[in-house]
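For reference, the structure discussed in these notes is given below.
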Amino acid sequence: MKNTLDATGSGISLIGSFTWIFAWFKSIDWLTTVGVVVAVGGFLMNMYYSRQRNQREARETLIREEAAKREQRKHDLEMLRYELEIKRLGKENAKQD
């Protein structure tokens, strides 16, 4: 979806730019204005959807980071449990000897 929107916005900007250049060379005032408006509209569309994509990716990154922190905490607790179990078994073996 995002590639389609990026391509569409870029395409609109290019069409507007080429229309503006063509109209400028041919001295067609109204077409020059249309070309500039289309080019600016394409640029604004690109900017809008890029901003949305950046916000979405920032949220996804935050979610992934939180999940990684939870996994790390879970791992740390498991390692602590194993260490305590090893110490307990070591004390039991020492009492038996």
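Read-outs: derived from the displayed coordinates by stated rules, not from any lab. All values derive from a computational prediction rather than experimental measurement. No Cβ is skipped: glycine too gets one built from the backbone with ideal geometry, and neighbour counts run over all protein chains shown.
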18 Å reach of a label modelled at Thr33, 7 Å along Cα-to-Cβ, counting backbone N of segment 10-25: 16-17, 19-25
Helix 29-96 against the longest principal axis of the chain: what's the angle in degrees, Cα atoms only, rounded to the nearest 10? 0 degrees
Net charge over other residues, Cβ less than 12 angstrom from the Cβ of Leu89 (K, R count +1; D, E count -1): +1
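How big, in percent, is the set of alpha carbon pairs in the chain lying more than 19 Å apart? Before the final figure, lay out the partial values.
Numbers: 3118 of 4656 pairs.
The share of Cα pairs beyond 19 Å in the chain comes to 67 percent.
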Virtual spin-label span in nm between His75 and Leu14, 7 Å along Cα→Cβ: 4.5 nm
Roughly what angle does helix 2-26 make with the longest principal axis of the chain, taking Cα atoms, 0 to 90 degrees, to the nearest 10? 20 degrees
